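Structure first, then comments.
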Amino acid sequence: MKRRSFLKSTMAAGATGVAVGMGVLSPNMAFAEAHGKDPFKAKSVDDVLKMLGISEPAASDKIKIKAPEIAENGAVVPVGITSEIEGTTEIIIITANNPTPLAAKYTFGERAIPAIKSRFKMGKTTDVIALVKAGDKFYTAKANVKVTKGGCGG
């Protein structure tokens, strides 16, 4: 990577972070304006899929979900997702039994490694569903996480 492009992208990321932190820019608002509806406010997995324009994603064993089988505390459940599908451009995480199931949506550049690690709040035992977009197709995998102490008010 050239020094100049590195500095430009670092400055852009820093400015975006400041704007989000100050409340000037909200990812949810930007998504809702671009697509008409905010899938982060959907109340069911079917509604999330409909709002994202996804119908019948194909099951894939090339999507790896690393999540605990039993989460002692649903307030902070570590989840890692990697995709070995060539041309992956998006990873979407859905926690099926949460009040608002869409947990996160990540977009990757063409040379990025499609892998994420994050912590999610889960109200009760639920399936963690990973959706991966590669080309014009969507692929899916899921893992069940048993939550012993809920993080969404449970």
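Which one of Ala75, Ala67, Ala34 is surrounded by 13 or more Cβ atoms within 10 Å (Cβ to Cβ) and either at pLDDT below 95 or among the β-branched types (Val, Ile, Thr) (or both)?
Numbers: Ala67 fails: either at pLDDT below 95 or among the β-branched types (Val, Ile, Thr) (or both); Ala34 fails: surrounded by 13 or more Cβ atoms within 10 Å (Cβ to Cβ).
Checking each option against the conditions leaves just Ala75.
Can you find a residue in region 51-63 that is assigned to a helix (DSSP H, G or I) and in contact with a helix residue (DSSP H, G or I) (Cβ under 9 Å, 6 or more places away or on another chain)? Before you say what the answer is, go through the steps one by one.
Keep residues of region 51-63 that are assigned to a helix (DSSP H, G or I), which gives 51-52.
If we keep only those that are in contact with a helix residue (DSSP H, G or I) (Cβ under 9 Å, 6 or more places away or on another chain) as well, we get 51-52.
Looking through region 51-63, at least one residue is assigned to a helix (DSSP H, G or I) and in contact with a helix residue (DSSP H, G or I) (Cβ under 9 Å, 6 or more places away or on another chain).
Here are Ile70, Ile81, Ile65, Ile91: which of them is under 29 Å from Thr148 (Cβ atoms) and in contact with a Gly (Cβ under 9 Å, 6 or more places away or on another chain)?
Values: Ile70 fails: in contact with a Gly (Cβ under 9 Å, 6 or more places away or on another chain); Ile81 fails: in contact with a Gly (Cβ under 9 Å, 6 or more places away or on another chain); Ile91 fails: in contact with a Gly (Cβ under 9 Å, 6 or more places away or on another chain).
The unique qualifying residue is Ile65.
The values are calculated or read from the model by the stated rules, or taken from the named source; none is laboratory data. Just so it is clear, the model here is predicted, and its values are computed rather than measured. Heads up, the Cβs are rebuilt from the backbone with ideal geometry, glycines too, and the neighbour counts pull from every protein chain shown.
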